[in-house]
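Since the structure comes first, as structure tokens, the remarks are kept for the end.
The values are calculated or read from the model by the stated rules, or taken from the named source; none is laboratory data. Keep in mind that this is a model prediction, so the values were computed, not measured. Note that each Cβ is placed from the backbone with ideal geometry, even for glycine, and that neighbours are counted across all protein chains shown. In case anyone asks, the SASA skips ligands and DNA or RNA and just uses the protein heavy atoms, side chains included. Shrake-Rupley method; radii C 1.70, N 1.55, O 1.52, S 1.80 Å.
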Amino acid sequence: MDKPGAGLFITLEGGDGSGKSTQSALLTEWLTDAGHTVLVTREPGGTPLGEELREIVLHRRGDIAPRAEALIYAADRAHHIATKVRPALERGEIVVQDRYLDSSVAYQGAGRVLDGTEIRNLSLWATENLLPDLTILLDLPEDDGRDRLAERTKYDRLEAEAADFHARVRAAYLGLAEAEPGRFLVLDARQPREVIAAAVRERVGSLL
Ligand code: TMP
């Protein structure tokens, strides 16, 4: 089972603090104003089970073994896609999703130093091979991401990782975008948010 129906599946990716939620909101507003039905969702989370898994994987005290962490993200994804995203795509809706399988390849693959191909295949198995039509990568140099996060007082388990972890995540994202230029739109996250939003609209508009 690959991609269902006539819907459009758009994912946003990037490091922590790269502005994904802002761009997701701006894109959703634009699409909704144009009369489209949009499902806005996220991983981890997006379903009641997903929110429980999110709490575990981001905030549980104590270690989670890297492969267990990868499986929790994959379990969240399997349930989310099967119960929420695929049905929306089958109804012909546009899905705007904060993070998807590229997050797992970047964070669990490169960040936790697991095999990126195995991590990608795990997600493809979990989702019955669902790939996005478009993935917007908001690329942010590591130092800028840390600066944006510095204002926060509480970090989740992944955000709390050291700088070299986040440098690997960023490099992996850029490698993924290079490998699939047709699926990815890479934007410099340091640009003003309206400039980024306009570039996103232009690309999404070409897919409608
Ligand atoms: P966020 O919702 O604030 O982006 O936080 C989610 C965190 O989970 C973020 O640090 C990235 C991480 N993550 C993974 O490590 N693997 C995944 O597959 C996903 C979806 C997120």
Exercise. Could you check, for region 61-72, whether at least one of its residues is away from the ligand (no atom under 11 Å from the Cβ) and closer than 17 Å to Thr11 by Cβ?
Key: no
Self-check item: Subset of region 12-40 [part of a strand (DSSP E or B) and within 11 Å of the ligand (Cβ to nearest atom)]
Solution: Leu12, Glu13, Gly14
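Can you tell me which residue is farthest from Thr11 (Cα to Cα) among those in region 93-138 that are small (Gly, Ala, Ser) and within 8 Å of the ligand (Cβ to nearest atom)?
In the first step, residues of region 93-138 are kept if they are small (Gly, Ala, Ser); the result is 103-104, 106, 109-111, 116, 123, 126.
Cutting the leftovers down to within 8 Å of the ligand (Cβ to nearest atom) gives us 103-104, 106, 111, 123.
On the way: Ser103: 10, Ser104: 13, Ala106: 14, Gly111: 20, Ser123: 15 Å.
Among residues in region 93-138 that are small (Gly, Ala, Ser) and within 8 Å of the ligand (Cβ to nearest atom), the one farthest from Thr11 (Cα to Cα) is Gly111.
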Quiz item: In region 27-46, which residues are open to solvent by 30 Å² or more (accessible area, probe 1.4 Å) and more than 16 Å from the chain's Cα centre (by Cα)?
Solution: Glu29, Trp30, Thr32, Asp33, Ala34, Gly35, His36, Thr37, Val38
Quiz prompt | Matching residues in region 50-92 - criterion: being open to solvent by 30 Å² or more (accessible area, probe 1.4 Å), assigned to a helix (DSSP H, G or I), under 21 Å from Leu130 (Cα atoms) and touching a residue at least 60 places away in the same chain (Cβ under 8 Å) | solution = Glu90
Practice problem: Please name all residue pairs, on different chains or six or more residues apart, with Cβ atoms under 8 Å, provided the first residue is in region 169-185 and is open to solvent by less than 30 Å² (accessible area, probe 1.4 Å) and the second residue is assigned to a helix (DSSP H, G or I) and among the aromatic types (Phe, Trp, Tyr). | Solution: Val169/Tyr107
